[in-house]
Amino acid sequence: MTSTTVAEYMIKDVVSVSPDMTVAEVSEKMIDSNFHGFPITERGYLLGFVTAKELLRFHDQRDAKMRAVMKRGTICCNPEMSIDDAVRVLFRYGIRNLPVVDSDKKLVGIISNIDIVRSQIEKSRPAKVMSVKSFLEQQNGIRMKIVT
C-alpha cells in the first residue's frame, strides 16, 4: 500500500512575490488576495516565505525591499513527501503553509493545513474527522463546521 503524497493535494498555481517588492506592495497584495502569506521567489526559485505577522514587524519600513527583511532558511518539502510527514512538519513548526520544491529548489506548489484536512477527510471515518477538526480549532483559534 502506498501512502498519499503532498503532490496529490498541493496547490500547483502558487501566488508568490518578488524579493524586489516593497513591504507596502506585499502588504497590499496580501490584503487584496486574502492570503496569510506568500512564498518569495526569484526566477522560480524559493528564497523565503513572508507572513502577515512578519509584515507587521516592518510596518514602519514600508519602502524596504523584501530581500532586505525576509527570513532565509524557509521550511519546505518535496512533492514525494507523505501527507503524514507534511502534517508533522506543519504542526511541529506551527505554520499554515508549506512550500513544495523540486530537487532544484524551484517552487512547484504549496500545501496548507486546509489541504491536509481535505486529505484526511477524504480517507477518514467520522471519529477521525472530529479529532482533526478539534485539533485545528484549538491550533488556529477558529470554529469549523463539517458539511456532509
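The set of residues in the stretch 49-61 that are under 12 Å from the mean Cα position of the chain (by Cα) and either within 11 Å of L107 (Cβ to Cβ) or among the aromatic types (F, W, Y) (or both) contains only F49.
Tell me, please, whether a residue that is out of contact with any Leu (no Cβ under 6 Å at 6 or more places or on another chain) and either part of a strand (DSSP E or B) or under 16 Å from M10 (Cβ atoms) (or both) can be found in the stretch 126-134. Within the stretch 126-134 (the criterion being out of contact with any Leu (no Cβ under 6 Å at 6 or more places or on another chain) and either part of a strand (DSSP E or B) or under 16 Å from M10 (Cβ atoms) (or both)), the answer is no, since none of the residues qualifies.
Looking at V87, is it hydrophobic (A, V, I, L, M, F, W, C), in contact (Cβ under 8 Å) with a residue 24 or more places away in the chain and closer than 23 Å to M21 by Cβ? In short, no. Report yes if V17 is farther than 29 Å from E137 by Cβ, touching a helix residue (DSSP H, G or I) at 6+ places or on another chain (Cβ under 7 Å) and crowded, with 20+ Cβ neighbours inside 10 Å, otherwise no. It is true that V17 is farther than 29 Å from E137 by Cβ, touching a helix residue (DSSP H, G or I) at 6+ places or on another chain (Cβ under 7 Å) and crowded, with 20+ Cβ neighbours inside 10 Å.
Determine which member of the set I11, I40 is among the β-branched types (V, I, T), surrounded by 12 or more Cβ atoms within 10 Å (Cβ to Cβ) and within 22 Å of L136 (Cβ to Cβ). Walk me through how you get there before you give the answer.
On the way: I40 fails: within 22 Å of L136 (Cβ to Cβ).
Going through I11, I40 in turn, the sole match is I11.
Would you be able to say whether some residue in the stretch 69-92 is over 18 Å from the mean Cα position of the chain (by Cα), under 19 Å from M30 (Cβ atoms) and surrounded by 13 or more Cβ atoms within 10 Å (Cβ to Cβ)? Scanning the stretch 69-92 turns up at least one residue that is over 18 Å from the mean Cα position of the chain (by Cα), under 19 Å from M30 (Cβ atoms) and surrounded by 13 or more Cβ atoms within 10 Å (Cβ to Cβ).
Those helices (runs of 4 or more DSSP H) of the stretch 51-101 in which at least 2 residues are of a type in the set (D, E, K, R) and either farther than 16 Å from I114 by Cβ or modelled with pLDDT of 95 or more (or both), considering only elements entirely within it, cover 52-57, 83-93.
Conditions (1) more than 21 Å from A7 (Cβ to Cβ); (2) at pLDDT below 80; (3) under 14 Å from the mean Cα position of the chain (by Cα); (4) assigned to a helix (DSSP H, G or I), marked per residue:
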{"site": "S103", "(1), (2), (3), (4)": "no, no, no, no"}
{"site": "L107", "(1), (2), (3), (4)": "no, no, yes, no"}
{"site": "I111", "(1), (2), (3), (4)": "no, no, yes, no"}
{"site": "R118", "(1), (2), (3), (4)": "no, no, no, yes"}
{"site": "I121", "(1), (2), (3), (4)": "no, yes, no, yes"}
{"site": "L136", "(1), (2), (3), (4)": "yes, no, no, yes"}
{"site": "Q139", "(1), (2), (3), (4)": "yes, no, no, yes"}
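Cβ separations smaller than 7 Å between residues 6+ apart or across chains give the following pairs from the stretch 1-22 residues that are in contact (Cβ under 8 Å) with a residue 12 or more places away in the chain and within 30 Å of D63 (Cα to Cα) to residues that are among the acidic types (D, E) and in a loop (DSSP other than H, G, I, E, B): T22/D63.
Against the list (1) in contact with an Asp or Glu (Cβ under 8 Å, 6 or more places away or on another chain); (2) buried (at least 16 other Cβ atoms within 10 Å of the Cβ), the condition F58 fails is (1).
The values are calculated or read from the model by the stated rules, or taken from the named source; none is laboratory data. Here the structure is a predicted model, which means the values were calculated and not measured. Here Cβ is always computed from backbone atoms with ideal geometry, including for glycine, and neighbour counts include all displayed protein chains.
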